[in-house]
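The values are calculated or read from the model by the stated rules, or taken from the named source; none is laboratory data. Just so it is clear, the structure is predicted and the values come from calculations on it, not from any experiment. Cβ placement follows ideal geometry from the backbone for every residue including glycine, while neighbour counts extend to all protein chains displayed.
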Amino acid sequence: MTTESRIARQLDATASLSASFPRDFRWGLATAAYQIEGAADEGGRGPSIWDTFAYTPGLSHHGDTGDIACDHYHRWESDFDLLAGLGITDYRLSVSWSRLQPAGHGPLNPEAVAFYSAQLSGLAERGIRPLVTLYHWDLPQPLEDAGGWPARDTSYRFAEFTRLVFKQLGHLATDWITLNEPWCSAFLGYGNAAHAPGLADYGSAVAAAHHLNLAHGLALREIRDMSTTARVGITNIVTDIAPASDSADDAAAALRLDAASNRIFLDPVYLGAYSAEVHATLDRFGLASVVQPGDLEIIAAPTDFAGINHYQRVIAWADARALPLGLRERAAEPATTSFGWSVIPESLTAVLQRVSAEFTSLPLYVTENGASYDDYVDPNGDVMDIERVDYLRGYLGAAAAAIGLGVDLRGYYAWSFLDNFEWAHGYSKRFGLVYVDYRTQERIPKLSAHWYRRLITEHQAAAAVATD
Ligand code: IFM
C-alpha cells in the first residue's frame, strides 16, 4: 500500500466541518523564532535569556538547546515550499529580538533585517499571509542583565525595538502581534522558574506582568505612529478555569487563579483597568505600586483584533498552605496529551465566548491551539498521529460552535507547523503537524497535516462555489 492510500484510508470527510467557517476564514500554522531557527551563533545574533537558560545545567530537558533546532534559518525556503504545498494560507512567525538587536538597544543588525525581509517576501511569493509576532520570549540577555521585565525600562526598550523593526519590515506584513502569552514570560519566567530567565519571585513576576502590558501599549503606539493600515493585536493565553467543588473556598480559589492568569492581561488591554479581583489577588505582591499614572491609557489603546492561545482547562481548589495564591491546580480530566494537558474541546468554545462577552467585540483569532503526542515514524516511513487529527477535529468543531453562537472568530493557527524546541522540555514534546527528524532534519508531514490540508481545500472549494 502506498503512503497516499494509507493516509486516504485514515482521513474522514471534512466538508461539514469546513462548511461551518466563514468564507474568508484564515487557516494557519504557527511557530516562534527560537523554537525553530537554530543558527544561534550566526548572522550576528546575540544570546537571549533562552540561550542562557538552556545552557544552565539541569534547567532544560537533557540539556537541549535551540542552537540547531529545526535549522529553519538555513532551510526556510524549502520549509515555506512545504507550507504552501500543505495548502496553508496564513503563517504566524516571530522575529527574534536577540537576532535583530543583539544588545537590546541601538541600531538593528542588517543581516537579521535581510533574513526576515527575505522570509516575509518569500511568504508573499508563495501566496501566504504572514502574522508577525514581535516578542515570543527571546529577551536579549543584556536586557535581562539590566533587570529584565521586572524593570520598567524594558518596556521602553521593546517600544524602541518595535519602532526599528516596523520601519524596516512594516511594508512586508499587515498583521502584527506585539507579545505572545505575556503570562508565560512573567509568571513562568520570574514567578516559578519554569522558563527563562529562571527566577522564582512572585513580586518580580507581577511587576513583569505590568511591564509587559505596558510594553504592548507602547509598541502599539509606535506602530500607530508609523502606519494607518497595520492591524495590531496582542496574543494572550486564555485558560478555562473551574473550581474543584461547589465550596465557596474553591470558587474563590478559581477566581484568584483567573485573576492571576487571565484577567491580569485581559483587563487592562480590553477594559482599561485592572479589575477589583486582580487588585485583590495581586496588590499584596506589589501590583498597585508598579502602575504609574497614564500607564492604563497607553495599555488600553484600541487594537484591531484579539489573539487567543488556548490549551487547557484546569481545576483549582483552595489550600491556604500553597503559596503564593493559597490554591492548587491540576489539569481537568481527561488529561491525555503527552504533557498531561486536558483535551476538552468545549473549553475552547467557552473561552472564545467569554472573551467576546466579557472583554472585547474585536475580531478574534485563535493564534495557537494544539497538542503534543508521542509521534513516531512507523516502518512505512509515515507518522500516523491519529490522536492529533481527533484533537484538531474536536477543537475546530468547538471553534465552529463558538462562531455559531455569535463569536466573531476570523482564523485559527494550529500550533505548530514543525515539531520544535519546546522550551524547558527541549525536543521531548512534539506539537508539529510536520514531523522533524532532528538528526537528519528530514520533514515528514504527519497524518494531521494531510487532514488539515483536506479541510482547507474543502473549505476553499465551497467558498469558490459560493462566490460563483
Ligand atoms: O510551544 C509553546 C509556544 O511557544 C507558546 N504557546 C504554547 C506552546 C506549547 O507549549
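Taken residue by residue, segment 233-244 has at least one member that is of a type in the set (Ser, Thr, Tyr), touching a Gly at 6+ places or on another chain (Cβ under 6 Å) and in contact (Cβ under 8 Å) with a residue 12 or more places away in the chain.
One residue stands out among those in segment 270-295 that are free of Cβ contacts under 8 Å to residues at least 12 places away in the same chain and either assigned to a helix (DSSP H, G or I) or among the hydrophobic types (A, V, I, L, M, F, W, C) (or both): the one that is surrounded by the most Cβ atoms within 10 Å (Cβ to Cβ), which is 279. Being at pLDDT 95 or above, away from the ligand (no atom under 16 Å from the Cβ), assigned to a helix (DSSP H, G or I) and not hydroxyl-bearing (Ser, Thr, Tyr), is that true of even one residue in segment 54-73? Yes: one or more hits. Listed by first and then second residue, the pairs linking a residue in segment 131-156 that is free of Cβ contacts under 8 Å to residues at least 40 places away in the same chain and more than 16 Å from the ligand (Cβ to nearest atom) to a residue that is aromatic (Phe, Trp, Tyr) and in a loop (DSSP other than H, G, I, E, B), with Cβ atoms under 9 Å apart and 6 or more places separating them unless they lie on different chains, are 143/149. Residue-level check: of (1) surrounded by 18 or more Cβ atoms within 10 Å (Cβ to Cβ); (2) touching a helix residue (DSSP H, G or I) at 6+ places or on another chain (Cβ under 7 Å); (3) of a type in the set (Asp, Glu), residue 77 misses just (1). Checking 447, 392, 396 one by one, the residue that is in contact (Cβ under 8 Å) with a residue 60 or more places away in the chain and within 16 Å of the ligand (Cβ to nearest atom) is 392 and no other. Look at (1) at pLDDT 95 or above; (2) within 16 Å of the ligand (Cβ to nearest atom); (3) of a type outside the set (Ser, Thr, Tyr) and you find that residue 300 fails only one, number (2).
Check segment 105-124 and report whether any residue there is at pLDDT 95 or above, within 16 Å of the ligand (Cβ to nearest atom) and either at positive phi or buried (at least 19 other Cβ atoms within 10 Å of the Cβ) (or both). No, segment 105-124 contains no residue that is at pLDDT 95 or above, within 16 Å of the ligand (Cβ to nearest atom) and either at positive phi or buried (at least 19 other Cβ atoms within 10 Å of the Cβ) (or both). Residue-level analysis places residue 414 outside the set of residues that are of a type in the set (A, V, I, L, M, F, W, C), more than 26 Å from residue 444 (Cα to Cα) and surrounded by 20 or more Cβ atoms within 10 Å (Cβ to Cβ). In summary, helices (runs of 4 or more DSSP H) completely within segment 88-156 and bearing 1 or more residues that are closer than 25 Å to residue 445 by Cα occur at 110-125. For segment 338-359, the criterion of being under 26 Å from residue 217 (Cβ atoms) and of a type in the set (D, E, K, R) is met by at least one residue.
Does residue 157 meet the test of being basic (Lys, Arg), crowded, with 21+ Cβ neighbours inside 10 Å and farther than 28 Å from residue 369 by Cβ? In short, yes.
Residue-wise test of (1) more than 16 Å from the ligand (Cβ to nearest atom); (2) aliphatic (A, V, I, L, M); (3) more than 20 Å from residue 237 (Cα to Cα).
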residue	(1), (2), (3)
261	no, no, no
264	yes, yes, no
267	yes, no, no
270	yes, no, no
291	yes, yes, yes
332	yes, yes, no
343	no, yes, no
359	yes, no, no
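Reported count of residues in segment 400-436, each being within 12 Å of the ligand (Cβ to nearest atom), over 20 Å from residue 64 (Cα atoms) and small (Gly, Ala, Ser), is 1.
Residue under question is residue 176, and the condition is that it be in a loop (DSSP other than H, G, I, E, B), hydrophobic (A, V, I, L, M, F, W, C) and in contact with a strand residue (DSSP E or B) (Cβ under 9 Å, 6 or more places away or on another chain); does it hold? Considered against the rule, which asks whether it is in a loop (DSSP other than H, G, I, E, B), hydrophobic (A, V, I, L, M, F, W, C) and in contact with a strand residue (DSSP E or B) (Cβ under 9 Å, 6 or more places away or on another chain), residue 176 comes out as no.
Considering segment 16-36 alone, what residues qualify as being in contact (Cβ under 8 Å) with a residue 60 or more places away in the chain and more than 13 Å from the ligand (Cβ to nearest atom)? Residues satisfying the conditions are 17, 18, 19, 20, 21, 22, 23, 24, 25, 26, 27, 28. Of all the residues in segment 170-186, those that are more than 16 Å from the ligand (Cβ to nearest atom) and buried (at least 22 other Cβ atoms within 10 Å of the Cβ) number 1. The listed residues are 202, 190, and the only one of them that is out of contact with any Ser or Thr (no Cβ under 9 Å at 6 or more places or on another chain) and either hydroxyl-bearing (Ser, Thr, Tyr) or within 16 Å of the ligand (Cβ to nearest atom) (or both) turns out to be 202.
Number of residues in segment 296-337 that are of a type in the set (Gly, Ala, Ser) and surrounded by 17 or more Cβ atoms within 10 Å (Cβ to Cβ): the value is 7.
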